[in-house]
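The next block holds one structure in the form of structure tokens; read it before the comments.
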Amino acid sequence: MALSRLRLRLAAGFAFAFLVALAILATVALGYIWNESTRRLDRHLDASADGVAAAMGRVLRESADSSLAHAANEVVREWPPNGDLFAIVDENGALVAGVGSRDVIDRMLRTWATATSPRFGVDKPGDDYRASVLRATLPRLHGPPLKFGVLAFNSIEGIDSDTHLLAAALAVAAPLIVLLSLAAGYALARRALRPVDELGIAIAGIAPTDLSQRLPVGDARDEVAALAVEFNALLQKLDDAQRRNRGFIREAAHQIRTPLTLVLGEAGHELAASSTTPDRMRGTLSRIRTAAEQMRRRVDELFLLAEAQAGEKVRLEDDVELDGLLLECTDLMRERASALGRSLAIGRAEHVVVRGSAPLLQEAVVELIENACRHGSAEVPVTVSSLIAAGGASIEVTSGGEAFVVKPAAETGGPSGLGLPIVEWIARAHGGELQVVRKGGLNSVTMTVRGGVQR
């Protein structure tokens with residue numbers, strides 16, 4: 001199985017973090033070991049200095065008249081060979097006696113002369129040392145008190161070598177530890193990303209033609225579950241869009257089929273005729289033209305419906321006189337109404353100017369009249385009115401016939417066809433709404449327009 005780059009990146013990040021933590025831990029550990037070893041050495045040096053001073057006091061008590069040199073030499077001669085190094089000096093800092101190399105003792109004394117603390121270190125030249133100084137004053141039976149100093153010292157090469165050995169061991173072990181952490185990180189990343197792999201398999205199993213499937217959402221409230229929920233929401237949107245597209249295609253075919261059938265039928269009938277006359281040809285061409293205009297209108301409606309379903313933003317940049325628009329659209333639709341056996345009438349035409357899109361408002365009024373003519377009755381005229389409403393203006397179209405309802409722009413077909421869903425979208429784009437009510441045996445369709453109203 002091929003290595004996953006994502007898992008490798010996660011494992012590398014884990015290994016790097018582990019290496020940084022290891023480096024910090026090693027630094028702290030080495031510092032602690034160094035400080036603790038130095039502190040223990042200082043305690044040992046203090047105890048050695050105290051022991052030398054105590055031995056000096058014992059010799060002087062045993063030989064009250066002994067000199068400082070005699071007492072110091074006795075202490076040096078009797079001191080057990082336990083590795084302690086020290087020097088005994090007089091009150092002026094001159095060497096009296098000592099245990100250890102004379103060169104080292106001289107280095108210690110030279111450094112002591114410039115030291116500001118009773119504990120100090122000596123590094124170069126030569127080996128590194130640590131020293132502790134004790135000044136003592138011992139009373140005598142005869143003569144003044146005896147003043148001297150004890151300089152206890154010892155090499156720190158053991159501490160350095162142990163510390164360096166531990167550092168070298170960590171440096172050698174670090175690559176192995178990093179490799180192990182990299183392998184462990186890869187295994188952990190593989191386990192952590194297993195739900196993502198399962199989501200990928202589930203996504204791959206979703207067919208483009210069936211978007212009703214959904215990803216499984218586990219009980220764990222983690223990022224993977226949240227991703228599955230969001231993806232399911234996206235699938236729902238895509239499924240809704242796919243259904244709208246299918247409905248759009250069905251509606252387009254349904255709306256264009258009838259006039260296209262009429263055109264083909266008229267043309268075929270005329271071609272099949274053995275003879276024709278100018279009047280007959282003129283009538284055929286007139287019916288073909290009417291069907292072609294109907295197809296063109298259906299295509300325009302489909303374009304508007306597509307914009308409505310896509311949520312296109314309408315630019316409201318025109319000052320539209322609704323009463324003048326009402327008269328213009330009524331005159332435009334009289335021939336169409338007459339062809340359907342309907343009559344048009346103008347009700348109240350109150351003067352009002354609104355801010356909006358003139359082409360869309362004209363389309364809305366024409367659609368309202370077209371819908372009323374197609375679904376109305378010959379006994380009741382189609383009446384169109386422009387009214388001043390609270391906070392806006394309205395166009396009202398009343399007609400007879402059976403009651404019908406408005407379907408959303410996402411749905412088409414039925415008694416309202418394409419027209420009313422498009423009118424509803426235009427009304428909403430102008431801050432208004434579309435209402436269909438049944439009163440007094442009549443269908444009343446009112447489109448309200450709000451915002452930018454001038455009376």
Original post:
In degrees from 0 to 90, rounded to the nearest 10, what is the angle of the helix 68-78 Cα long axis to the longest principal axis of the chain?
Top reply: 70 degrees
Original post:
When the accessible area of region 168-210 is split by element with a 1.4 Å probe, what percent falls to carbon and sulfur?
Top reply: 74 percent
Subject >> Rounded to the nearest 10 Å², the accessible area of PHE18 at probe 1.4 Å >> reply: 90 Å²
Original post:
Which Rg and Dmax, in Å, describe the Cα atoms of region 1-116?
Top reply: 26.4, 93
Original post:
Which residues in region 107-148 have a backbone N closer than 11 Å to a point placed 7 Å from the Cα of GLU157 along the Cα-to-Cβ line?
Top reply: 126-129
**OP:** Taking the Cα atoms of region 86-166, report the difference between the largest and smallest coordinate on each principal axis, in whole Å and largest first.
**Re:** 56, 24, 21
Original post:
Per residue of the chain, what 222 nm ellipticity follows from adding -39500 (n - 2.57) for every DSSP H run with n ≥ 4, rounded to the nearest 500?
Top reply: -20500 deg cm²/dmol
Subject >> Cα centroid separation - region 157-196 against region 41-55, whole Å >> reply: 43 Å
Original post:
What residues have an amide H closer than 5 Å to that of GLY432, excluding those fewer than 5 places away on the same chain, when H is modeled at 1.01 Å from N in the peptide plane?
Top reply: ARG450
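Multiplying the sequence separation of LEU264 and GLU335 by 0.36 nm and subtracting their Cα-Cα distance, what value in nm do you get?
On the way: separation 71, 0.36 × 71 = 25.56 nm, distance 2.33 nm.
Extending this stretch completely gives an extra 23.2 nm.
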**OP:** Could you grab the relative contact order for region 319-378? Cα pairs under 8 Å, six or more apart, rounded to a whole percent.
**Re:** 51 percent
**OP:** Report ³J(HN,Hα) in whole Hz for each residue of region 184-201, in order, from the Karplus equation J = 6.51 cos²θ - 1.76 cosθ + 1.60 where θ = phi - 60°; Gly and Pro get x.
**Re:** 5, x, 5, 5, 5, 5, 4, 5, 5, 8, 4, x, 5, 4, 5, 5, x, 5
**OP:** Report the one residue of GLY200, ALA189, ALA226 whose Cα lies farthest in the direction of the positive end of the charge dipole of region 175-240 (charges on C-beta: Lys and Arg +1, Asp and Glu -1; origin at the Cα centre).
**Re:** ALA189
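Indicate the gyration tensor shape class of region 17-80 (rounded, prolate or oblate), computed on the Cα atoms with a ≥ b ≥ c the square roots of the eigenvalues: a/c under 1.5 is rounded; otherwise a/b larger than b/c is prolate and the rest oblate.
Details: a/c = 7.41, a/b = 5.81, b/c = 1.27.
The shape class here is prolate.
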**OP:** Round to the nearest 10 and give me the degree value, 0 to 90, for the angle of helix 5-62's Cα axis relative to the longest principal axis of the chain.
**Re:** 20 degrees
Original post:
For labels at ILE203 and SER377 in the simple 7 Å Cα→Cβ model, what's the distance in nm?
Top reply: 5.9 nm
Subject >> Percentage relative contact order, region 187-287, counting C-alpha pairs under 8 Å, at least six apart >> reply: 17 percent
Original post:
What fraction of the Cα pairs in region 339-391, stated in percent, has a spacing above 13 angstrom?
Top reply: 66 percent
Original post:
Cα axis of helix 278-310 to longest principal axis of the chain: angle in degrees, 0 to 90, nearest 10?
Top reply: 20 degrees
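Suppose every Lys and Arg Cβ carries +1 and every Asp and Glu Cβ carries -1, with no other charges. What dipole size does the chain come out with about its Cα centre, to the nearest 20 debye?
Value, rounded to 20: 580 debye.
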Original post:
What label, among [x] 1.54; [y] 0.94; [z] 1.59, belongs to Rg/Rh (Cα atoms, Kirkwood Rh) computed from the structure on display?
Top reply: [z]
Original post:
What is the set of long-range amide H partners of GLY401 at a cut-off below 5 Å, with H atoms built 1.01 Å from backbone N?
Top reply: SER377
Subject >> Taking the chain and dividing mean pair separation by its residue count, relative contact order in percent (alpha carbons under 8 Å, at least six apart) >> reply: 10 percent
Original post:
Say each of ASP279 and ASP123 gets a label point 7 Å from the Cα, pointing the same way as Cα to Cβ; how far apart are those two points in nm?
Top reply: 12.6 nm
Original post:
What residues of region 152-178 lie in the reach of a label at LEU25, counting those whose backbone N is under 20 Å from a point 7 Å from the Cα along Cα→Cβ?
Top reply: 163-178
**OP:** Would you please give the residues with an amide H less than 5 Å from that of ARG348, counting only those at least 5 places away or on a separate chain, with H modeled from the backbone geometry?
**Re:** SER386
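The values are calculated or read from the model by the stated rules, or taken from the named source; none is laboratory data. Worth saying up front: this structure is predicted, and the values here are computed from it rather than measured. No Cβ is skipped: glycine too gets one built from the backbone with ideal geometry, and neighbour counts run over all protein chains shown. Surface areas here come from the heavy atoms of the whole protein model, side chains and all, with no ligands, DNA or RNA. Shrake-Rupley method; radii C 1.70, N 1.55, O 1.52, S 1.80 Å.
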